[in-house]
């Protein structure tokens, strides 16, 4: 007898075929047919209070089980709320399949409910982002999403599911055969031989291992390599725990000294990012890295130099006193000269030197400028020069400038 299923039930059946036991979501109308199918297939539905939490939960599920986590979000704001979780999984190289609802295909461009361009929004932070437009190929779309998310360097994949596609009835839908373990990608024999030669020639080599050790379940292989070569191992990110903390070759608490004194670093499955000074914090003469391609949309050429690689002055000894900075020479402010008085210069000078100067309150002021008469040379040198007056906000002048002081 022919089997008749709606698109949402086809999606749930294929999720079960991929080994999915639970999905993380926030309930939305555009993805309601998938919920009904999950209940029929025995898949647990974990409802959160925010789409970002749902995607983060699927991320955590993937890290613990080494399987692709699944998050289901509704159209429009549901997809945009989950962007942060998708970006986090992309940066951390976590296998993730995000199913997003969408407006009906027949209403695209007419202002449908919660309609927006979603695939182009997610494309820069995913390994693949596409729309499942044919209800008869829904199982094929999901198989492709899981294959891309878990093969090579893992990462998130976004699949847009329009509402009319999920509600369309499909007669005798076809399902791909059960998934098989994907073949491992072997290393380059020439690169492996070159790395072995570098390890033999190095005097103080170290191994720096990261998250790919966890995803490939290669802890035993890493431990065997370290013990055979007698090389200390430093781990990063999800590579922590590959070697027991009490292992003789585990040096997780001495990363900075090790990077500064080593002459060779064997990098295995981890990027040289800010956590290790972008690879410039070590004087190692050679690097051997695992063939991990750069993230999509990034480039490895033409990057600006790191601040750590710039030339810095040599450190100053404690016994050496700090250098003294010479203060800039400034010209003191001088009061404007008083207008010529009726007496002669000789009589004025004689009067100034013969009698002491009167107090400031009783000194005569010039009616034209309001300033006191000029002081004698001895009095001017003994007393401190008056402070410059505050300049007007309309005509601000720098009184420390020699040119301004000379003009004054």
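Read the figures in this text as sums done on the coordinates, not as results from a lab. Since we're looking at a predicted model, the values are computed, not measured. Methodologically, a virtual Cβ is constructed for each residue, glycine included, from the backbone with ideal geometry; neighbour enumeration extends over all protein chains shown.
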**OP:** Describe numerically, in nm with one decimal, the distance between label points set 7 Å from Cα along Cα→Cβ at residue 191 and at residue 151.
**Re:** 1.9 nm
Subject >> Dimensions (Å) - region 4-171, Cα atoms, principal axes, largest first >> reply: 37, 32, 30
Original post:
Alpha carbon centre of region 61-121 versus region 1-51: separation in Å?
Top reply: 15 Å
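Tell me the relative contact order for region 45-183 as a rounded percent, counting alpha carbon contacts under 8 Å between residues six or more apart.
Relative contact order here is 25 percent.
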**OP:** Rounded to the nearest 0.05, what FRET efficiency do residue 260 and residue 123 give with R0 = 41 Å and r taken as the Cβ-Cβ distance? Could you check?
**Re:** 0.50
Original post:
Percent antiparallel among DSSP beta bridges with both residues in region 4-171, to the nearest 5?
Top reply: 10 percent
Original post:
So for 164, 273, 172, fewest C-beta neighbours within 10 Å to most, what's the order?
Top reply: 172, 273, 164
Subject >> 16 Å reach of a label modelled at residue 107, 7 Å along Cα-to-Cβ, counting backbone N of region 145-186 >> reply: 161-168
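What ranking do 9, 56, 50 get, fewest neighbouring Cβ atoms within 10 angstrom at the top?
50, 56, 9
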Subject >> Per principal axis, descending, Cα span of region 108-250 in whole Å >> reply: 68, 33, 32
Original post:
Quick one: if you take sqrt(5λ) for each eigenvalue of the C-alpha gyration tensor of region 111-194, what semi-axes come out, biggest first, whole angstrom?
Top reply: 33, 20, 6
Original post:
Modelled label-to-label distance, residue 45 and residue 174, 7 Å Cα→beta-carbon offset: nm?
Top reply: 3.0 nm
Subject >> Modelled FRET efficiency - R0 35 Å, residue 253 with residue 116, Cβ distances, 0.05 increments >> reply: 0.15
Subject >> Dimensions in Å of region 190-296 - Rg and Dmax from alpha carbons >> reply: 12.8, 38
**OP:** Please order 134, 246 by the number of other Cβ within 10 Å, starting at the fewest.
**Re:** 246, 134
